[in-house]
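Reading through the structure tokens given below for one structure.
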Amino acid sequence: MALETLSAVLEIDDQPYEVCLNSKVLTWDKVALRHRSINRAKLTEIVAIKAGPTDKPSQTNNREFTVHSVKRKKGNKWRLHSETFVCPDTATRDKWIKRIQTSIETGPVRPQRIFVIVNPYGGKGKAPKIYQKKVAPLFELAGIITEDIATTHANHAWQLMLDKDFNGVDGIVCVGGDGTFAEVVNGLILRTQKDAGININDQGSKLIPPKLKIGIIPAGIKLIHHTISIYGHITV
């Protein structure tokens, strides 16, 4: 059952905005503008909602909440965007936080636990820094639990796909280049066939696709052109 639309005039940077939430998107429009430029964040692109401002926590007045979302930029790149809304009172703030969170929870299922494989040599040794600086904070913000493993030798990621207990794991994220991605995909495909009792040496066998989804954080020298994400589209 779809939730009713919620709307109110809230403040952003001391300016009034008409804020509206429906079952698919959160929008906010500056009230004073004749020709409004609608700001929007799809619920599927909201990473988290938190009480208080994005920064200056010492100056919070208990009437603020911040929506953290991702926005697509040029070149299919995604950037984190945070917007802080000021409500007339605490009760209104709590109502908006609860409603947005409920709308997110009733939408597409989101991953709770992710297995992360980092190639420490990817991108001339920059892969670990890229993950720790750019990606790990997003997972933490979204409340996603991760298990991080750094590969130590060739075919390590491939072997992990064969040996790892994936019970309770919602997806796999590999941080590296084409080689890391190839090891993860090939290992996971082989693991899936073995678990299903399929003879991979029989040319007549019909292979089945893995159920676990794969996310890619490009951090290698070569560019990765095709990606499969943990949500069905890239969100980090």
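The values are calculated or read from the model by the stated rules, or taken from the named source; none is laboratory data. A quick note: this is a predicted structure, and the numbers were derived from the prediction, not measured. With ideal geometry, Cβ positions are generated from the backbone for all residues, glycine too; neighbour counts draw on all protein chains shown. The area values use the complete protein model at the heavy-atom level, side chains included, leaving out ligands, DNA and RNA. Shrake-Rupley method; radii C 1.70, N 1.55, O 1.52, S 1.80 Å.
Per-structure values
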read-out	value
For segment 70-146, average projected area of the Cα convex hull in nm²	7.2
Solvent-accessible area of CYS20 with every protein chain in place, 1.4 Å probe, in Å² to the nearest 10	40
Within-15-Å neighbourhood charge of GLU11 [Cβ basis; K, R +1; D, E -1]	-4
Solvent-accessible area of LEU33 with every protein chain in place, 1.4 Å probe, in Å² to the nearest 10	80
Residue-averaged 222 nm ellipticity for the chain, from DSSP H runs of 4+ at -39500 (n - 2.57), nearest 500	-7000 deg cm²/dmol
Candidates ILE149, ILE130, ILE198, ranked by Gaussian network fluctuation over the chain, Cα under 10 Å, top entry	ILE198
Residue with peak Gaussian network fluctuation, the chain [Cα springs, cutoff 10 Å], from ALA154, ALA127, ALA196	ALA196
Selection from GLN101, PRO128, PHE139 lying farthest towards where the dipole of segment 64-142 points positive, charges on Cβ	PRO128
Range of Cα positions in the chain per principal axis (Å), largest first	67, 43, 33
Longest to shortest principal axis, alpha-carbon extents of segment 1-140, angstrom	51, 36, 33
Accessible-area order (highest first, 1.4 angstrom probe) of the listed residues ASP178, ASP165, ASP13	ASP13, ASP165, ASP178
Cross-link partners of LYS98 among lysines (Cα-Cα below 24 Å; sequence separation of 8 or more within a chain)	LYS24, LYS30, LYS42, LYS50, LYS56, LYS71
